[in-house]
Amino acid sequence: MRPLSFCQCRSTLRGVQQPLFIGHEIFRGSSYGPQHPLRVPRVSTVMDIGRAMGWLPAAQYITSPRAKPKALQVWHDPAYIAALQRIEEAQRATHDDFARFGIGSVTNPVFPEIFRRPATAAGGSILAGELLAQGGIVYNPAGGTHHGMPARANGFCYLNDPVLAMLSLRHHGVRRIAYVDIDAHHCDGVAAGFTGDPECLMISIHEEGLWPRTGLLDDTAEGSALNLPVPRGFNDSDMAFVRDALVLPKVADFAPDAIVFLCGADGVEDDPLAHLSLSNNAHWGVLRGLMALGVPRLLVLGGGGYNPWTVGRLWAGVWAILNGFDPAEDITQQAREVLRALTFERNRRGRNPPDHWFTTLQDAPQADVAISQAVRERVATLARRPLLS
């Protein structure tokens, strides 16, 4: 299967309503704390670059609603939701909160918007399920908190908006959903929500041995998942092979009514929490491939990404592609100023950032002629594996 060109990708949008962007100003100032990986701005950078490039007119922007407790309790435990609200008000977690709900740890700290921020991201994903009932494309870069569990904070994720998004799609009559996740970390919370569901295909491509160390090759989630753990150094050529030999054929065979694509940016080479060697071209290539399948509904979520320049540039490029723009085009002076205003304290790369982080959205490709033998063998195993239907 040949990679899609920019023109081919743009042609898929003809005759379809304009994509919608869900955002909120809460993500501009909210931080998990000065020592936490999620101290960096991400969603606000995408919003600012989109506007600076003329890609984000008011008609395509929706302010995300904050999900109400009742909407969250479609999947999350009421006592857990009540605890998040109480802890936000008190700004402290008890020992019982930590033991019972995982709140108050180094990874899942108490911070000022501990309920409002994740509830806003979840509200956007729930709304996306409603907006997509009749078809279209929605982008919620604040979404992608795929580790959240029904009654426990997990891996920086207090709620699980991908699960809530898919349940919202189901509520609005969309049955068959293909969930494709290329975050560097396995989507353990989504697996908890949809294991054994014959109308949900889950595909996860994640770094082998990285936390949470789930999603092993032989983990089929009772026949509903294809888990591909990849070795360190996994690069653009490897991802293109996986896309064309596994992801696109399996999604096409599944014939979904909707695709939910979690486009985590932590697999990019300069991310501090993973050890993969991807450029943002790899992520954009997967997106273009999924768009070309012609599935009538597409929801794109964010996910991981802890370097403010690499995540902001990648996710801004996602919005460009969804609208038929070329993210490789020259960026405006205003967009350059957005990138130059970012900082990344206490990180080696932040102290000496390369010039292209300020001047372009597109990375240089991280390609290798030879595809990893381990990747080839694992893809072959998964390509032969039958799924529930």
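The figures follow:
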item: One residue from Asp355, Asp363 being more than 23 Å from Gly29 (Cα to Cα), acidic (Asp, Glu) and surrounded by 15 or more Cβ atoms within 10 Å (Cβ to Cβ); result: Asp363
item: Residue ID - nearest to the chain's Cα centre (by Cα), chosen from residues in segment 348-389 that are of a type in the set (Ser, Thr, Tyr) and modelled with pLDDT of 90 or more; result: Thr360
item: Test set (1) under 26 Å from Arg39 (Cα atoms); (2) touching a Gly at 6+ places or on another chain (Cβ under 9 Å) - Glu345 fails condition number; result: (2)
item: Hits in segment 301-333 (condition: of a type in the set (S, T, N, Q) and over 17 Å from Val43 (Cα atoms)); result: Asn323, Thr332, Gln333
item: Residue match in segment 112-132 (condition: surrounded by fewer than 19 Cβ atoms within 10 Å (Cβ to Cβ) and among the hydrophobic types (A, V, I, L, M, F, W, C)); result: no
item: Options Gly144, Gly54; residue that is surrounded by fewer than 21 Cβ atoms within 10 Å (Cβ to Cβ) and modelled with pLDDT of 95 or more; result: Gly54
item: Every pair of residues 6+ apart whose Cβ atoms lie under 8 Å, when the first sits in segment 296-313 and is within 20 Å of Asn160 (Cα to Cα) while the second is part of a helix (DSSP H, G or I) and among the acidic types (Asp, Glu); result: Leu301/Asp161
item: Segment 2-49 - residue that is of a type in the set (S, T, N, Q) and under 29 Å from Pro296 (Cβ atoms) and, of those, modelled with the highest pLDDT; result: Gln18
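The values are calculated or read from the model by the stated rules, or taken from the named source; none is laboratory data. Quantities reported herein were computed from a predicted structural model and do not represent experimental measurements. Cβ: placed from backbone, ideal geometry, glycine included. Neighbour counts: every protein chain shown.
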